[in-house]
Amino acid sequence: MSDDHPSRREVIGRLAVLAGLGALPACGVFGGATLVAPVEKLPEGSALRTTVKDQPVILVNVGGKVRAFSGLCTHESCELGWNQRQQLIRCPCHGSGFTPDGQVKMGPATRPLPEFPASVRDGKVFVDL
Ligand code: FES
């Protein structure tokens, strides 16, 4: 849409900023996507654990693209973390590792991580879950 006629989503986003909601993580749902964090909390080469609609989610920013995956391991559902040095999503329970695009790097997990649509708008990360 043009600047003269902002979309519904843009209007809601602007109202959220005016209301001061933009600075808070996981604080709002806008058109199906949930605002989860300001993008400065997710610098290149890092990851961030959060929850969206009470579900663990891990955000990854590698290669200039922010992606969102289930924060639960596909082996036995332990909560995942991030190994900065390895640049891998790691499971503390049995040692599985996942690449920043959610693929299995090391088992015992055999299935990739479910991915959710993520986007960055106006300096904020949104996840559609
Ligand atoms: S639950 Fe993650 S490796 Fe077993």
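Where a number appears in this text, it was derived from the coordinates with a stated rule and is not lab data. Not measured: the values here are computed from a predicted model. Heads up, the Cβs are rebuilt from the backbone with ideal geometry, glycines too, and the neighbour counts pull from every protein chain shown.
Could you run the Karplus curve 6.51 cos²θ - 1.76 cosθ + 1.60 with θ = phi - 60° over the stretch 58-66 and give me ³J(HN,Hα) per residue in whole Hz, x for Gly and Pro?
Values per residue, Gly and Pro as x: 10, 9, 10, 10, 9, x, x, 10, 8 Hz.
Among the trypsin sites (Lys or Arg not before Pro) within the stretch 39-104, which fall in a DSSP loop and have no more than 12 other Cβ atoms within 10 Å of their own Cβ?
For trypsin sites (Lys or Arg not before Pro) across the stretch 39-104 that sit outside H, G, I, E and B with at most 12 neighbouring Cβ atoms in 10 Å, the list reads K53, R85.
Tell me, H94, H75 in order of fewest to most beta-carbon neighbours within 10 Å?
H94, H75
List the residues, sorted by chain then number, that are 5 or more residues from V57 or on another chain and whose placed amide H is less than 5 Å from its amide H.
T50, T51, V52, G71
To the nearest 0.05, how large is the calculated FRET efficiency for R121 and D101 if R₀ is 22 Å and r is the Cβ-Cβ distance? Don't skip to the end; give the middle numbers.
Details: r = 22 Å, r/R0 = 0.98.
Given R0 = 22 Å and the Cβ-Cβ separation, E is 0.50.
What GluC sites (Glu not before Pro) does the stretch 31-129 have in DSSP loop regions with at most 11 other beta carbons within 10 Å?
Sparse-neighbourhood loop GluC sites (Glu not before Pro): E44.
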